[in-house]
Amino acid sequence: MTKLGLAGGALAAAAVAGEDIVATAGSGVTKPRVLLVNGSPHMEGCTYTALSIVAQELQADGVDTEIFYLGTAPVQDCMACGSCKKHPGRCIWDKDAVNELITKAREAQGFVFGSPVYFGHPSGRLLSAMDRAFYAGGGAFEGKPAAAVASSRRAGSLATLDAIQKHFTIAQMPVVSSFYWNEVHDFGPEDVMADEEGVSIMRQLGRNMARAVRAYAAVPAPTAVERKFTHFIR
């Protein structure tokens, strides 16, 4: 993917997809890795720009990043077929990017999911991908820090962030925040960079995420409580 050149050099050396996990020089210790998921149909649009700012801060703190683009091809919604219960970690539908997302998630220690705002909610492709990825491959995400990022013209960001974050909380994932809601306002990538507060929010989010992935990697997971499944009749 081509790097995104933006006004004023504010995002020079922005994070791009396709970087490999590399070992810390001379230490043999693998760097933590954060997967940033671009849920926009635009490969290098506003959502990508916001994610790139986060990725730049992560990289400056020694964290490897990859921006994973879901693409523009249709993303199948969950069919509730139950096949993933027989074959955990894989969705039976293999014609879109969801199984690739699950595979990449296994190698990541943290996540940032980004979406434009459509009618006050995230993009349908992102929600369909997350529904299936978390249902079929929830173990790849469970317990790892995650954040949501929304890009909007004016409003709808908070509902968008809330819808994305619901996936995190049901997967026991600590939600990483900044000093304001994780949103930028724009019509195009250059507008994102002109949103000075939005840029600062993304930068702080990247720094907080770097801290979170290291902290949670250092602390063993608690012993699991036996889960009880009930419904509202019994």
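The values are calculated or read from the model by the stated rules, or taken from the named source; none is laboratory data. Fair warning: this is a prediction, and the values are worked out from it, not measured in the lab. Ideal geometry is used to build each Cβ from the backbone, glycine not excepted, and the neighbour counts take in all protein chains shown.
In the set (1) in contact with a helix residue (DSSP H, G or I) (Cβ under 8 Å, 6 or more places away or on another chain); (2) at pLDDT below 95, the condition left unmet by Lys85 is number (1).
Within the range 175-204, residues that are free of Cβ contacts under 8 Å to residues at least 12 places away in the same chain have Cβ atoms under 7 Å from residues that are buried (at least 18 other Cβ atoms within 10 Å of the Cβ) and not in a helix (DSSP H, G or I) in these pairs: Asp195/Val184; Asp195/His185; Asp195/Asp186, counting only partners at least 6 apart in sequence or on another chain. Within the range 17-28, can one find any residue that is modelled with pLDDT under 95, charged (D, E, K, R) and closer than 26 Å to Gly138 by Cα? So far as the range 17-28 goes, yes, one or more of its residues are modelled with pLDDT under 95, charged (D, E, K, R) and closer than 26 Å to Gly138 by Cα. Residues in the range 46-95 that are farther than 20 Å from Ser128 by Cα, over 17 Å from the mean Cα position of the chain (by Cα), assigned to a loop (DSSP other than H, G, I, E, B) and not acidic (Asp, Glu): Gly62 alone.
Would you check if there is a residue in the range 158-170 being of a type outside the set (Ser, Thr, Tyr), in a strand (DSSP E or B), at pLDDT 95 or above and in contact with a strand residue (DSSP E or B) (Cβ under 9 Å, 6 or more places away or on another chain)? No. Scan the range 128-151 for residues that are more than 11 Å from the chain's Cα centre (by Cα), under 16 Å from Val37 (Cα atoms), outside any loop (DSSP other than H, G, I, E, B) and in contact (Cβ under 8 Å) with a residue 40 or more places away in the chain and the total you get is 7. Sub-6 Å Cβ pairs linking a first residue in the range 47-64 that is over 14 Å from Arg33 (Cα atoms) and touching a residue at least 60 places away in the same chain (Cβ under 8 Å) to a second residue that is among the hydrophobic types (A, V, I, L, M, F, W, C) and outside any helix (DSSP H, G or I), at least 6 apart or interchain, are Ala50/Val149; Ala50/Val184; Leu51/Leu36; Leu51/Ile67, ordered by first then second residue. Ala159 meets the conditions (1) in contact (Cβ under 8 Å) with a residue 24 or more places away in the chain; (2) closer than 13 Å to Phe113 by Cα; (3) hydrophobic (A, V, I, L, M, F, W, C) in every case but one. The failed one is (2). When you check Ala217 against the structure, is it assigned to a helix (DSSP H, G or I), among the aliphatic types (A, V, I, L, M) and at pLDDT below 95, yes or no? Against the criterion (assigned to a helix (DSSP H, G or I), among the aliphatic types (A, V, I, L, M) and at pLDDT below 95), Ala217 qualifies.
Is it true that some residue in the range 186-202 is within 22 Å of Gly39 (Cα to Cα), within 14 Å of the chain's Cα centre (by Cα) and crowded, with 23+ Cβ neighbours inside 10 Å? Yes; the residues of the range 186-202 include at least one that is within 22 Å of Gly39 (Cα to Cα), within 14 Å of the chain's Cα centre (by Cα) and crowded, with 23+ Cβ neighbours inside 10 Å. Of all residues in the range 97-116, those that are under 15 Å from Ala55 (Cα atoms) and out of contact with any helix residue (DSSP H, G or I) (no Cβ under 6 Å at 6 or more places or on another chain) total 2. Applying the set (1) under 15 Å from the mean Cα position of the chain (by Cα); (2) surrounded by fewer than 21 Cβ atoms within 10 Å (Cβ to Cβ) to Leu205 leaves exactly one unmet item: (2). Among the residues making up the range 188-207, those that are in contact with a strand residue (DSSP E or B) (Cβ under 8 Å, 6 or more places away or on another chain) and not acidic (Asp, Glu) are Val192, Gly198, Val199, Ile201, Met202, Leu205.
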